[in-house]
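Asks: Structure in structure tokens, see below.
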Amino acid sequence: MPPASQTDVGWIPKEVKKKLKEQKKAEQAAAEADVQKKRLTRRARRPEGYGLGWPLTLPEGDLQTRLKRYLEGFATGMGWRSPRSREPGTDRDRAEDLTGGADDRAERLGVLHLSFITVVDRVGSFELTYELLDLRGGQVRVKTKVEGEEPVIDSVTGIYPTANWHEREAYDMFGVAFKGHPDLRRLYMWQDHFDHHPLLKSFEISTKRTFENLR
Amino acid sequence: MLSEERRIESAALSGRAAGRLANPDVRDEFGLETLDMSMGPQHPAMHGLLRLILELDGETVVRCDTVMGYLHRSKEKISENRMYPAVIPITDRIDYMNNIAMEYGYVLAVEKLLDAEIPPRADAIRALMNEFGRIMSHIPSIGFLMLELGAFTPILYAFRERERIQNIFEAVTGARMMFHYIRIGGVKADLPEGIPEQMWNYIEGLEQRLQPDFVDLIEGNEIFIARTRGIGKMTQEKAVEMGLTGVPLRCTGAEFDVRKHYPYGWYKNLDFDVITDTEGDVEASYRVRIGEVKQSIRMIKQILEDLPEGEVMADLGRRIRPAEGDGIGRVESARGEYAVHVVSDGSDTPYRVHYRTPCTVNMQLLQEIVPGHYLPDIMPIMGLIDPVSGAWDK
Amino acid sequence: MPQLGQGILKGMGVTLGHLFGKKITRAYPEYKRDLPERSRGLLTVDMDRCIACLQCMRICPDHCISIEQEKRDADGSGKAKPYAVGFVIDDSRCMYCSLCVEVCPVNCIYHTEEFEAQAYNRLELARQFGERPVDPTVDPKPAVKKKKKPTGKKAPKTVERPRTGEDEVA
């Protein structure tokens, strides 16, 4: 550290220059943090129900208790059967039990976000996987099975409006119909003159190469 | 602008079937009928092949219906007929602006099926490339937004940055766009000699260029503010309800990031913030994107500072044949939560692969928030969602 | 509220600054950039080394490789080994994923630095490497051993090749 008098003369050594620069940077960072803090307080002053930037009350407790609560919520709160599998994160149940009344909301289930719906064609039956996230590290996987060639299952659009297109896609690709869906059309394939559901195992594609009998 | 009543009515109408004639019930004050208009699929400003069936009242949109599938290649069906490693180049083509994240999600799912242990260096390199991919996707998307608003310069600067990252990627992976770099069990090859230094230099340069070339140029511009402030405004409730993820969710103030809340790979060791904004309009989404680029720069610096040594590929054997079951890989792509569900039946090829692309889900928002806006406001709203044609159509 | 015209002035300032900077574009056909070592160009095959193991054909996601194999005593060891009489790479399908390069046990298939593949006809893009041309559009069929026709009955339509222990080797 050079003597202070040197800084007064206009000649600033390199180290001091560096230090001044760092000081300036720290000030800027503090100012930015201030702005961020102000933003946070502004967010906190939002009307009721907007707790810390969230419209819905966030799930509390650690992961295990939350998951347990969700499973109980599925089993009892919604009038569902008790889950067959006790594995955390999985819950197998019957198809018709998936929805309660129309006014059921995601809050009652306790899980905020429907990630995706996967349909698996098990030739003769269809396996549906609903992946639910609570956006805070917890995930619940609900698996159901529907029998038959042209299966029908209750729609979950009443609980999760985002399921709209997920279900449309499932209908388009597999022909699984969803009861109570507001607008069940094909999502990808053209609407008319196309009677197939391409992701069924019975739908053969012409570019498939078989290496049968090859060494 | 429409009255509140009309807006609610039009939102209800927006879910109706496509190809419908103008609804005679919807008439303006003078008793005039509305006009049906088709925007796309070949529209110069559209982000790809998308058709919007718009019902117009003057220049105000009353109903917006999305018709997609013009780029549908059925990646899921193709994936069912390929061997496990051969699916990775196909996932590259889903979101062609952010390929690395697409590979990453699929590989994570298969690794979960295999219960594989990944060497730490491979994990770090994956995160490094993924963050470069995010910069590579976010900066051009800001450029596209500006291009649609009529500003031509930002897209040139954006592509200059993308070009430079592509040069680095070409040296690492061998390709400029369809990288096919992340493999089951690790990455294709270690970083070549001199590349970490090149990456560091580039990141330092980008940090300096970001302020004058993007923030100073765009922020505060009157035209930009006039076209984006208050446009596409949505509440957090709506955003969570519609299942949005990524920037459209975060710009409403909701704090959700897969990297933070469902950590994977090397992200457990990294220190970064989830950028949010309170406004929930197009301008806010721009601010979130710039903030995320800065966070990516921060993360890349952290990774490069202590890059672990060792192997980059786990030994999983010649043939990849996972046991029966299902695995889910979830990553934060540049557009939101991207998840891959792989169902295995114990053979060489996956029994079923499901891609949850963020664009498909985020696009549902169009028919919810476009009604009530003017026709030219659709393009900024598309810039908010920032969809990619290959990703929404799969 | 920003001052009127300030944004435009600021924008023009940035543009002016770049006007006097170094150019970053390049006139492409005249000037070509040096390609990095790993860059993936058109595929090529060294037919002398190929052992016709068909692994590249199996792994190829686009089915752009077709191989016709035959048992032949090529190296004069007195033992008939599989030999690729026909080898085609269809560049109109290839997506340069380099899976075939990685899977090849003898490293006979590799990327070149060439990247400009163009032709007036799509079939011209199917490059033949073997001594006999292969139709890239048709699925490769196994080399069927000639059998004596069973007398009295009609020959079955599809002749299944019998699996023997010998076939599994190499």
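The values are calculated or read from the model by the stated rules, or taken from the named source; none is laboratory data. Everything numeric in this text was worked out from a predicted model, so none of it was measured. Cβ sites come from the backbone with ideal geometry, for glycine too, and all protein chains shown count toward neighbours. Heavy atoms of the whole protein, side chains included, go into the accessibility calculation; ligands, DNA and RNA do not. Shrake-Rupley method; radii C 1.70, N 1.55, O 1.52, S 1.80 Å.
Asks: Starting from the eigenvalues of the Cα gyration tensor, five times each then square-rooted, give me the equivalent ellipsoid semi-axes of segment B:298-394, largest first, whole Å.
Replies: In descending order, the three semi-axes are 36, 23, 9 Å.
Asks: Just to be sure I follow: if Rg is taken over the C-alpha atoms of chain B and Rh is the Kirkwood radius over the same atoms, what is Rg/Rh?
Replies: In chain B, Rg relative to Rh is 0.99.
Asks: Still on this structure: Determine which residues of segment B:286-311 fall in the zone a paramagnetic label at B:Asp271 would reach in this model, i.e. backbone nitrogen under 16 Å from the point 7 Å along Cα→Cβ.
Replies: Label zone hits: B:295-307.
Asks: Hey, if we sort B:Tyr351, C:Tyr110 by accessible area with the 1.4 Å probe, largest down, what's the order?
Replies: Final ranking, largest accessible area leading: C:Tyr110, B:Tyr351.
Asks: What accessible area, in Å² to the nearest ten, does a 1.4 Å probe give for B:Asp386?
Replies: Using a 1.4 Å probe on the heavy atoms, I get roughly 10 Å².
Asks: Once you wrap a convex hull around the alpha carbon atoms of segment A:130-171, what is its projected area averaged over all directions, in nm²?
Replies: 3.5
Asks: A further question follows. Report, to the nearest whole %, how much of the accessible area of segment B:31-170 belongs to carbon and sulfur atoms, 1.4 Å probe, protein only.
Replies: It is 57 percent, rounded to a whole number.
Asks: Also, quick follow-up: Chains B and A: buried accessible surface, both sides, probe 1.4 Å, rounded to 100 Å²?
Replies: Summing both chains' loss of accessible area gives about 4600 Å².
Asks: Related question: How big, in percent, is the set of alpha carbon pairs in segment B:20-170 lying more than 22 Å apart?
Replies: Of the Cα pairs, 61 percent sit more than 22 Å apart.
Asks: Turning to a different aspect of this structure: If you plug each phi of segment A:25-31 into the Karplus form 6.51 cos²θ - 1.76 cosθ + 1.60 with θ = phi - 60°, what whole-Hz ³J(HN,Hα) values come out, in order, with x for Gly and Pro?
Replies: For segment A:25-31, the Karplus-derived couplings read 4, 4, 4, 4, 4, 4, 5 Hz, x marking Gly and Pro.
Asks: In the full protein assembly as shown, how much of B:Arg352 is accessible to a 1.4 Å probe, in Å² to the nearest 10?
Replies: 10
Asks: Take every Cα pair under 8 Å in chain B that's 6+ residues apart, average their separations, divide by the length, and report that relative contact order as a whole percent.
Replies: Result for chain B is 26 percent.
Asks: Show me, for segment B:359-373, the HN-Hα J-couplings you get by feeding each phi into the Karplus relation (A = 6.51, B = -1.76, C = 1.60, θ = phi - 60°), rounded to Hz, glycine and proline as x.
Replies: The phi angles translate into 4, 4, 6, 5, 5, 4, 4, 3, 6, 8, 9, 5, x, x, 9 Hz.
Asks: First measure r as the distance between the Cβ atoms of A:Asp34 and A:Gln191, then evaluate 1/(1 + (r/R0)^6) with R0 = 45 Å and state the FRET efficiency to the nearest 0.05.
Replies: Once rounded, the FRET efficiency stands at 0.20.
Asks: Comparing B:Asp65, B:Asp377, B:Asp345, which has the greatest mean-square fluctuation in the GNM of chain B with Cα pairs linked when under 10 Å apart?
Replies: With Cα springs under 10 Å in chain B, the top fluctuation among B:Asp65, B:Asp377, B:Asp345 is at B:Asp345.
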